[in-house]
Structure formats: structure tokens, C-alpha cells
Amino acid sequence: MTDTALSLRHDIADKRLVRSFAYIGGKWCAAADGATVTVTDPATGAFLGEVASLSGEESARVVTAAQSAFPAWAARLPQERAALLRRWFELMVENREDLARIMTLEQGKPLSEARGEIDYAAAFIEFYAEEAKRPNIEGVTSHLPDAEVEVWREPVGVAALITPWNFPAAMLTRKAAAALAAGCTVLAHPSSETPFSALALAELAERAGLPAGVFNVVTGRPATIVEPWCADTRVRALSFTGSTEVGRLLYRQSAETVKRLVMELGGHAPVIIFADADLDRAVAETMKAKFATSGQDCLGANRIYVERPVYEAFCTRFAQAAKALTLGPGMDDPDIGPLMNEAAVAKQEAHVADALAHGARLLCGGARDPMGPLFYRPTVLADVSDGALILAEETFGPVAPLLPFDSEDEVIARANATEYGLVAYVHSLDPRRIYRLSRALQFGMVAVNRTKVTGAPIPFGGMKQSGIGREGARLGMEAFTEVKYICRDWA
Ligand code: NAD
């Protein structure tokens, strides 16, 4: 294996952004045995390139690199850490188009969505460059005579970050910028389906001047790479974004070493549309909530409840809008790209077949598209019954189930009847109703009359089994810091 990824390089202006080796201790490293993981273009199935597949022993050694870099990084002035993060942010902005194209090639998402993700990803680095400078000492009014009381926040140490394929840049920067700003050093493991985006960010981190060992990107098979980190006491925090199933596994594996955890897990978002909503807006916003990222989004609408008086009208308009969506390779910038892999498409098929068997009406789609094996047509199902699989499992694709409801209490109970609690969408123009729903919904985020709610300054995360902790905002640094309480007498 050479440090090239030829097929991928063809579409990229700055060829040095396409890296195939892992980035460890400031060096680009192949696996000692030359093992690689192959990356393919989901639109065509074509070979894109291969990246190093490190062994468990090699992955374990990366902890030493991050641990050695930790004391000096933690001791830097916050302003110095901030300046390096700021430079990294600027390099992302300068290389936006190449980063977006790398993402679209390996992930499949439409190019304009990839550009949007690069902006979103860069915003976390900019935000945490600023947060790095905010005070990490809090004075407390003393409760003891003559004593001075302070609370400090100190970096926890080495942080392991494990990221999924659906947002290969933003999920990494959201974690890494917070950890680095806090003074931690980072071990990052990107999904083996989309490693090139993370490696391009490592190349830019190096150009920005991040010291060797501070930000490491380790590619390979997930269990092989991550298990040694879970077992290592020197890894003090673990932040994971992915399915609830893998989250549970990592939770168990981290128990032995009592790590600080952040878990951004699955979602099963309800959309609730009341008859008093602006229906045009509700249709347009719910289209975004369902079909952005080709439906492969933890915030994706997974159940669309519509109040009975407007149900048929909504079904008709929503199906019309879904039929008008364009499907194609991400590089052609359609509305919907290919899904990530065969398992993702098989899941759409299983959910649709099961819903139809439970009496649902197919309003559009319902099949793969001849364009390629990973293209699934935007699909709308009406009258999905509460027993259907799609209402229990995360669909993670372009299939929209519509259900009528009759009362506010009923729809709140149905929306909350899940172990997921990431985001809920509400459409209504009645402020009292909006307040009641905002209170009653057991979700970490509630979006009212809109879809886009994410961004660097807000606390992103879920209730119940959708996760632990929050990312973004000042809160996003919490798991990467320890609280130390000092009580001081001078006498
Ligand atoms: P996944 O859980 O299969 O994989 C996510 C990451 O975990 C990948 O990097 C993968 O390499 C790694 N992984 C897989 N098996 C592992 C193992 N045995 N040990 C260690 N690491 C392992 O999820 P996915 O299918 O890649 O991503 C989709 C899921 O992610 C969905 O459930 C979605 O809701 C969730 N997600 C959540 C958020 C959020 O912020 N809440 C954001 C994006 C995606």
C-alpha cells in the first residue's frame, strides 16, 4: 500500500488532502502488516481507495502517543490552544470545496448538503476556539469562616472519539474541538465507510500546527481499534455517536475503567402536525425533516402524526412533494443520493413490506431505483398502524410513515411511547398548545414550526436511550473536564 487513494484523488484539487495512512503522533502510518480497508463510492460501487487497517496492538500504542502529548497541551495557555483551533477552522473554510467533494464521494450525500456539513463542522471549531478562552475557574461564596472557595475545571486527559458515517466531518469536529479546547488530547476513530473525511481533517490539523500526538486519527476495524481504548485506564473519556446498540456495547466496555461518557445515539423523531398549523410550511419543513441526508439522519422524522381534519390534505401534498424529489449520485447534486450500504436498503424494504402487511397505503415509492442497488425511492406510507415495525425501529432512510390522530393528549402519549428521545417536531400556531407540547414531550430537543435546530452554540443530545450528555455549547466540554474544588485558609 502506498499513501495514495487514486480514484478519490481525481476529483480533488488539493491532492494532499486525500490521505490513506492513519495519523498518529504527528506521523502518517500504515499498518505494520500492510492491512487495509477498502472504501467504495456508494453511488456506483466503484473502488475509491483504501486506508490503513491497524491491529489491536498498534491501536493500543496510539494511547501512549496521546498520553505523552497531554501534559504539554494541557499546560498551554488557553489563548494558544484557541489560536491553533482558529487556524484549523480557517483551513477548513479555505478547503471547503475539496472537503465537500471528498465527503460526497465516500458518503454519497448530495454535494450541496456536503458543503453545508463542512460549514457546520467548521463552526464547532470556531466556537470552541472561543470557548477555550472562557474562564475555567468559578469563585464560590464561602460557607466557612476565613476560607476561600474555588471550583476549577481541568482537562480529563486522553479522550477517545468514535464517529459514524452519516456526518463524517461534523460529528468529529463537534467532539474534537470541545476536547482540544478543554486541554485534552484526542484519539479519533472514524467509520471505516467514510475515513477520508477524517483523514483530510487530520491533514488540515497538521497544517494548522497542532502539536504531534494531540489529534490522532486511527483507521481500521471498529472493534479492533476501540476495544483496547476502552480497556486502557489512560483513556479517561469516551465520546461516541452511532446506534444505541453499539452505544450499549461501548458503555459496558468502558465500565471497567469508569470512563467519562458522552453518547449520541439513535433517534425516532415524531413530527406532530395540528390542524391549526400553517399547512404549507408543515409540508415543506417535514420534507426536510424526513429526506435531508437521504433520510440517514438521527434527527430524521420517523413518525408523522397529522390531526385528522387536515390528514388527507397533508397526505396528498406530502406525497406530491416526495414524488418531485430527484434521485442521483451525490456529485450531480440531486435531492436524494444513494444509501450507505446494502443493509440500509434492506432495512427500507423490510419496513415498507411490514407496514403494508399491517394495512398501510403506499402513496409513492416503495422500491429500489434502477439507477443502482443503493438507490431507494422516496416513499410515503399512509395509515400506518401502531404495531408496524417502522414505528418501533429507526428507519434511517427515505421512508415516511403518516398516521392520523384525534387529540393532543393522545398524540403526546403516542409520541413519548419510545425508548428514544432525541428530537420531536411540532407544528401549530397556538402558543398555549406549543408551550404544553414543549413541556410534555420527552425529547432532548423540541423544534416548533421548523426543522433545522442544530448549530455550535446549542446543547445537542437526547433523553432516555438516545444518549448521555450533550455536545455543542459550553456543555459540550463537560465530559472532557474534571471538577476540582479548592478550599483555602491562609492562616
Ligand atoms: P453504528 O453504531 O453501527 O456505528 C457508529 C460508529 O461506531 C462507527 O464509527 C463504527 O465504526 C463504530 N462501531 C461499530 N461497531 C463498533 C464496535 N463493535 N466497537 C466500537 N466501535 C464500533 O452506527 P452507524 O450505522 O454507523 O450510524 C448510524 C447510527 O448513528 C444511527 O442509529 C443514528 O441515529 C446514530 N447517530 C446518532 C447521532 C446523534 O448525535 N445522536 C448522530 C448521527 C448518527
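The values are calculated or read from the model by the stated rules, or taken from the named source; none is laboratory data. Everything numeric here is computed off the predicted structure, so don't read it as measured data. As a convention, Cβ positions derive from the backbone with ideal geometry for all residues, glycine included, and neighbour counts pool all protein chains shown. Heads up: the accessible areas ignore ligands, DNA and RNA and are worked out on the full protein's heavy atoms, side chains in. Shrake-Rupley method; radii C 1.70, N 1.55, O 1.52, S 1.80 Å.
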Inset, instruction - Take P78 and decide whether it is buried (at least 22 other Cβ atoms within 10 Å of the Cβ) and either among the polar types (S, T, N, Q) or over 19 Å from P190 (Cα atoms) (or both). - result: no
Legend entry - Residue match in the range 5-22 (condition: outside the structural domain of D333 (by TED's automatic domain parsing), part of a strand (DSSP E or B) and either open to solvent by 10 Å² or more (accessible area, probe 1.4 Å) or closer than 25 Å to V156 by Cβ (or both)): yes
Inset, instruction - Tell me, please, whether a residue that is part of a strand (DSSP E or B), open to solvent by 10 Å² or more (accessible area, probe 1.4 Å) and more than 19 Å from E117 (Cβ to Cβ) can be found in the range 457-464. - result: yes
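Table: residues versus (1) farther than 27 Å from L339 by Cβ; (2) open to solvent by less than 10 Å² (accessible area, probe 1.4 Å).
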{"site": "R260", "(1), (2)": "yes, no"}
{"site": "H268", "(1), (2)": "no, yes"}
{"site": "F274", "(1), (2)": "yes, yes"}
{"site": "D278", "(1), (2)": "yes, no"}
{"site": "A292", "(1), (2)": "no, no"}
Inset, instruction - List every residue pair whose Cβ atoms lie under 9 Å apart, where the two residues are 6 or more positions apart in sequence or sit on different chains, the first residue falls within the range 120-145 and is more than 18 Å from G455 (Cβ to Cβ), and the second residue, located anywhere, is open to solvent by less than 60 Å² (accessible area, probe 1.4 Å) and in a loop (DSSP other than H, G, I, E, B). - result: A132/G183; N136/G183
Legend entry - Pair list, Cβ < 9 Å and 6+ apart or interchain, from the range 235-250 residues that are closer than 17 Å to V186 by Cα to residues that are of a type in the set (F, W, Y) and within 6 Å of the ligand (Cβ to nearest atom): T241/F167
Inset, instruction - Run T454 past the list (1) farther than 15 Å from N302 by Cα; (2) more than 13 Å from the ligand (Cβ to nearest atom) and report the number of the one that doesn't hold. - result: (2)
Inset, instruction - For residues that are farther than 18 Å from C298 by Cβ, more than 10 Å from the ligand (Cβ to nearest atom) and in a helix (DSSP H, G or I), tally how many sit in the range 225-252. - result: 3
Inset, instruction - Would you mind finding the one in A129, A208, A181 that is in contact with a Lys or Arg (Cβ under 8 Å, 6 or more places away or on another chain), within 30 Å of T36 (Cα to Cα) and more than 13 Å from the ligand (Cβ to nearest atom)? - result: A208
Legend entry - Odd one out for I434, checked against (1) surrounded by fewer than 22 Cβ atoms within 10 Å (Cβ to Cβ); (2) among the aliphatic types (A, V, I, L, M); (3) within 16 Å of the ligand (Cβ to nearest atom); (4) not assigned by TED's automatic domain parsing to the domain that holds P135: (3)
Inset, instruction - Scan the range 253-265 for residues that are outside any helix (DSSP H, G or I) and either near the ligand (Cβ under 7 Å from one of its atoms) or touching a strand residue (DSSP E or B) at 6+ places or on another chain (Cβ under 8 Å) (or both) and jot them down. - result: T257, K259, R260, L261, V262, M263, E264, L265
Inset, instruction - Kindly indicate whether any position in the range 188-200 is within 16 Å of the ligand (Cβ to nearest atom) and under 16 Å from R470 (Cβ atoms). - result: no
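Is it the case that some residue within the range 235-250 is in the same structural domain as A122 (by TED's automatic domain parsing), more than 19 Å from W165 (Cα to Cα) and surrounded by fewer than 18 Cβ atoms within 10 Å (Cβ to Cβ)?
No, the range 235-250 contains no residue that is in the same structural domain as A122 (by TED's automatic domain parsing), more than 19 Å from W165 (Cα to Cα) and surrounded by fewer than 18 Cβ atoms within 10 Å (Cβ to Cβ).
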Inset, instruction - Can you tell me which residue among E126, E148 is among the charged types (D, E, K, R), open to solvent by 10 Å² or more (accessible area, probe 1.4 Å) and closer than 16 Å to A176 by Cβ? - result: E126
Legend entry - Filter result for Y425 (touching an Asp or Glu at 6+ places or on another chain (Cβ under 9 Å) and either in the same structural domain as L279 (by TED's automatic domain parsing) or not in a loop (DSSP other than H, G, I, E, B) (or both)): yes
